[in-house]
Amino acid sequence: MAGVTLTDVVKQYSDVTAVDHMNLDIRDGEFVTLVGPSGCGKSTTMETIAGLTTVTSGHVHIGDREVTNLPPKDRGIAMVFQNIALFPHMDVYENISFGLRLRKYDKDEIQRRVEHAAEVVQLEGMLKRQPDELSGGQRQRVAIARAIVRNPDVFLMDEPLANLDAKLRVHMRTELQRLHKQLETTIIYVTHDQAEAMTMSDRIAVIDDGQLQQIDPPLTCYNEPANLFVAGFIGSPSMNFVEGEVTAGGFESPRFALSFDPADYGLSPGQSVTLGVRPEDVYREADTAGVTDPSAPVPMRTDVLEPMGDEIFVHLRFGEADETMDDPDAGDRLLMSVDPDADVAEDTDVSVLLDRSRVHLFDTDSEEALVHGLSASATASTPDPEEARGD
Amino acid sequence: MSTDDNPFDGPDKELKRGPFQQWVENSIKNPQQVYRAMLYVVTIFFVVTTLFPFYWLLVLALTPGDRISQAGLAPAGFNPEIFLTIFEQVPFLRYMFNSIFLALTTTIIVLLLASLAGYVFGRLEFRGRGPLMLLVLAISYFPPAAFFLPLWDLFNGNVAIFGISSPSLYNTPGSMLLPFSALFMPLSIFILTTFYAQIPDGLEDAARIEGTTRLGALFRIIVPLSAPGVATAGVLTFIAVYNEFFFSFLMTDGRAQNWAPIVGGILQFQRAGQFQTTYNAMAAASIIAVLPVTILVVVAQEKIVSGLTSGALKE
């Protein structure tokens, strides 16, 4: 049992910086997910923790031991790999007991531990099978059993579910959560699938371009993303972004305007900002019942619908499809989620508004978050310039 | 359907042909038959050219020594005791032991070192890997004879480095093990490199996480999973050393107690007869000398073939 601390870790390959001054403080017993797009450095970060790759500079601590220069075997870690990596020439029992046999454990002790681990991952009765006789899910369980049998301080999991089919993946997800509850060991989990990150983690570390973007509980990452990257990466489908500018009266873009007093949020007129709003915070004027603080309605046109069963995603655009004006960054396109039984059709006019308490403002240049949610009070009644045009 | 004997209506009527024309006709209808015939011809050709020398050895061996000039396609006489006599005339068992000892030891040395080299060339990225690999392979293109004189000097204590003269290895196994290992290493390095490169990185990573060093991962995971390649490299090295003539002949004085291999033993029979060369004994000794390699190839044949091809085909 131990936490993991990365201090200013840099991993430089000849031409790229895979990990760029990474500082991470993972607490004992925590389930932390490293998430980011492919090639963002999340797997390299994990490899530096595992010791499979040496850091260019910086320090890695596991518990209160400095392990920066220790080989993987002396770090008290276990790892589950994306390609599962069972030893094909050993049966399940030999695979699980490999680490114990290397450490010269007593035969009876090995037997006891392997049986216990097999029980935890529900593999009893399969110990004599060869890996190629197992299904994908069973192999992954063997890999997990191989990891837990040594009682490591820290579990590292590098996209362990990526090679499983969708249904099994969801199943294994809950099993991993159950396992974490049962073992109470620190788990560091790498994935590019943000659904896995959201559902399993205590905290999510969002990584892009080798740099840590945000490390917070899933809902904080969702509701208060630290910057444009996190806002766009967390949440599916992605957040809508509208580029605009702060004016004396609030936010303005060619299509949208929100009125507020910039001084209340420490903004100054003339600043380039990007408005972010999630599809579920975009409403038709007709269903604003639950919205306490709606923005001024804007006329748009529905494009295509994506019925998901529990909701419908509506792609919106301004007027008829017009190539010259069709700039998604400027808010010419918007994604809205509505109830599955809502009365929507393709290519119809619809008046759209935003939940002001759920919009985000980001600095367009630095991409840092400036405002999460505009307060209800103040300027709600002031007519927007857009409002006149809208109705 | 007509029951008339109409040639255009009924089943094809056979023309009258001779046996050769009949065969040609069949071949056109069924070309597989021709291919098979060609295969037999070629196979028989190779079998005869490779096996006839062995048959000829057998003929010579069975012919009593004084009638050796009368041996034709069949032995002139029948003298199977020669296969026992050869062990009495010279210490032939010791010669065989020497050969097998040299071949086995070289194989072990080569497999160990080539495994390390194969790991480095196959699994690590470093500057100059390509040129270094080429250099290693280039050694195998050298004629071994080019190394003989310098090695002869070296192994006879004639070379002094910093005032320490080189060890005297003439008439010891070292004088053969060293050049054999060096000469046959590149082939094994090449074979093992291609095999080790194909083992997924994840397996090595998993082994290191589980508690091995890199070296441990090599010998516990990578080598066992490359068994066909290791077997191929081992068998090829063993056969090459066992069949080696040049250094084997020159690095010892040809006496069994001085680690001379089988070639020394066979040549001893030149002097074993009183007045003439005992060809029949030499032939018998040659047949016995071939046996270990024959057995090895028959046993390992499948592994060698799969090893040589799967190296190229595996994903």
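The values are calculated or read from the model by the stated rules, or taken from the named source; none is laboratory data. Just so it is clear, the model here is predicted, and its values are computed rather than measured. Ideal geometry is used to build each Cβ from the backbone, glycine not excepted, and the neighbour counts take in all protein chains shown.
Only one of these is over 19 Å from A:PHE251 (Cα atoms) and loosely packed, with under 13 Cβ neighbours inside 10 Å: A:VAL304, A:VAL291, A:VAL314. Name it.
None of the others qualify; the one that does is A:VAL304.
If we scan region B:215-238, do we find a residue that is part of a loop (DSSP other than H, G, I, E, B), surrounded by fewer than 22 Cβ atoms within 10 Å (Cβ to Cβ) and in the same structural domain as B:GLU125 (by TED's automatic domain parsing)?
So far as region B:215-238 goes, no, none of its residues is part of a loop (DSSP other than H, G, I, E, B), surrounded by fewer than 22 Cβ atoms within 10 Å (Cβ to Cβ) and in the same structural domain as B:GLU125 (by TED's automatic domain parsing).
Among (1) closer than 26 Å to B:ALA74 by Cα; (2) surrounded by fewer than 21 Cβ atoms within 10 Å (Cβ to Cβ), which single condition is B:ALA283 missing?
It fails just one condition, (2).
Would region A:256-277 turn up any residue that is surrounded by 16 or more Cβ atoms within 10 Å (Cβ to Cβ) and in contact with a Lys or Arg (Cβ under 6 Å, 6 or more places away or on another chain)?
No, region A:256-277 has no match at all.
Kindly establish whether B:ALA217 is within 12 Å of another protein chain (Cβ to nearest Cβ) and touching an Asp or Glu at 6+ places or on another chain (Cβ under 8 Å).
Spelling it out, B:ALA217 is indeed within 12 Å of another protein chain (Cβ to nearest Cβ) and touching an Asp or Glu at 6+ places or on another chain (Cβ under 8 Å).
Residue check, A:GLN140 against (1) surrounded by 15 or more Cβ atoms within 10 Å (Cβ to Cβ); (2) within 12 Å of chain B (Cβ to nearest Cβ); (3) not small (Gly, Ala, Ser), all met but one. Which one?
Only one criterion is unmet by A:GLN140, namely (2).
Considering only region A:1-50, state which residues are of a type in the set (Phe, Trp, Tyr) and either under 24 Å from A:PRO152 (Cα atoms) or assigned to a strand (DSSP E or B) (or both).
Residue satisfying the conditions is A:PHE31 alone.
Is it the case, given these coordinates, that A:GLY235 is within 15 Å of A:ARG358 (Cβ to Cβ), under 11 Å from the mean Cα position of the chain (by Cα) and part of a loop (DSSP other than H, G, I, E, B)?
Spelling it out, A:GLY235 is indeed within 15 Å of A:ARG358 (Cβ to Cβ), under 11 Å from the mean Cα position of the chain (by Cα) and part of a loop (DSSP other than H, G, I, E, B).
A:ARG141 is checked against (1) modelled with pLDDT of 90 or more; (2) basic (Lys, Arg); (3) touching a helix residue (DSSP H, G or I) at 6+ places or on another chain (Cβ under 9 Å) and fails just one. What number does that condition carry?
Of (1) modelled with pLDDT of 90 or more; (2) basic (Lys, Arg); (3) touching a helix residue (DSSP H, G or I) at 6+ places or on another chain (Cβ under 9 Å), only one is false for A:ARG141: (1).
Just one of A:LEU228, A:LEU212, A:LEU219 is modelled with pLDDT of 85 or more, among the hydrophobic types (A, V, I, L, M, F, W, C) and in contact with a Phe, Trp or Tyr (Cβ under 9 Å, 6 or more places away or on another chain); which is it?
Only one candidate passes the filter, namely A:LEU228.
Given the structure, is A:THR174 part of a helix (DSSP H, G or I), among the polar types (S, T, N, Q) and over 10 Å from the mean Cα position of the chain (by Cα)?
Taking the combined requirement at face value, the residue satisfies it.
Is it the case that A:HIS180 is part of a helix (DSSP H, G or I) and surrounded by fewer than 19 Cβ atoms within 10 Å (Cβ to Cβ)?
So A:HIS180 fails the test.
For B:ILE109, all conditions in the list (1) surrounded by fewer than 20 Cβ atoms within 10 Å (Cβ to Cβ); (2) in contact (Cβ under 8 Å) with a residue 40 or more places away in the chain; (3) farther than 30 Å from B:ALA227 by Cβ hold save one; what is the number of the exception?
Exception for B:ILE109: condition (3).
Checking the condition closer than 30 Å to A:PHE87 by Cα and either over 25 Å from the mean Cα position of the chain (by Cα) or away from every other protein chain (no Cβ under 14 Å) (or both), which residue from B:GLY174, B:GLY163, B:GLY202 passes?
Among B:GLY174, B:GLY163, B:GLY202, only B:GLY202 is closer than 30 Å to A:PHE87 by Cα and either over 25 Å from the mean Cα position of the chain (by Cα) or away from every other protein chain (no Cβ under 14 Å) (or both).
Show the residue pairs that are 6+ apart or on different chains and have beta-carbon atoms under 7 Å apart, the first residue being within region A:201-224 and of a type in the set (A, V, I, L, M), the second being assigned to a loop (DSSP other than H, G, I, E, B).
A:VAL206/A:GLY36; A:VAL206/A:ILE234; A:ILE207/A:GLY36; A:ILE207/A:CYS40; A:ILE207/A:GLY41
Which of the numbered conditions does B:GLY229 fail, given that it passes all the others? Conditions: (1) touching a helix residue (DSSP H, G or I) at 6+ places or on another chain (Cβ under 6 Å); (2) over 14 Å from A:PHE87 (Cβ atoms); (3) modelled with pLDDT of 90 or more.
(3)
Here are some residues: A:PHE87, A:PHE81. Which one is in contact with a strand residue (DSSP E or B) (Cβ under 6 Å, 6 or more places away or on another chain), within 14 Å of another protein chain (Cβ to nearest Cβ) and either surrounded by 18 or more Cβ atoms within 10 Å (Cβ to Cβ) or of a type in the set (Ser, Thr, Tyr) (or both)?
Within the list A:PHE87, A:PHE81, the selection yields A:PHE81.
Of all residues in region B:113-159 being of a type in the set (Val, Ile, Thr) and more than 16 Å from B:ALA182 (Cβ to Cβ), which is surrounded by the fewest Cβ atoms within 10 Å (Cβ to Cβ)?
B:VAL159
Which pairs turn up if I take residues in region B:55-67 that are under 15 Å from B:ALA285 (Cβ atoms) and touching a residue at least 12 places away in the same chain (Cβ under 8 Å) and look for partners that are among the polar types (S, T, N, Q) and surrounded by 13 or more Cβ atoms within 10 Å (Cβ to Cβ) with beta carbon separation below 7 Å, at least 6 apart in sequence or on another chain?
B:LEU57/B:SER286; B:LEU60/B:ASN280; B:ALA61/B:ASN280; B:LEU62/B:ASN79; B:THR63/B:ASN79; B:THR63/B:ASN280; B:GLY65/B:THR278; B:GLY65/B:ASN280
For A:HIS116, indicate whether it is more than 27 Å from the chain's Cα centre (by Cα) and not in a loop (DSSP other than H, G, I, E, B).
Considered against the rule, which asks whether it is more than 27 Å from the chain's Cα centre (by Cα) and not in a loop (DSSP other than H, G, I, E, B), A:HIS116 comes out as yes.
Please state which one of B:LEU183, B:LEU250, B:LEU187, B:LEU178 is under 30 Å from B:TYR95 (Cβ atoms), assigned by TED's automatic domain parsing to the domain that holds B:LEU93 and surrounded by fewer than 18 Cβ atoms within 10 Å (Cβ to Cβ).
Within the list B:LEU183, B:LEU250, B:LEU187, B:LEU178, the selection yields B:LEU250.
Can you name every residue in region A:53-78 that is part of a loop (DSSP other than H, G, I, E, B), buried (at least 21 other Cβ atoms within 10 Å of the Cβ) and within 9 Å of chain B (Cβ to nearest Cβ)?
Across region A:53-78, the qualifying residue is only A:ARG75.
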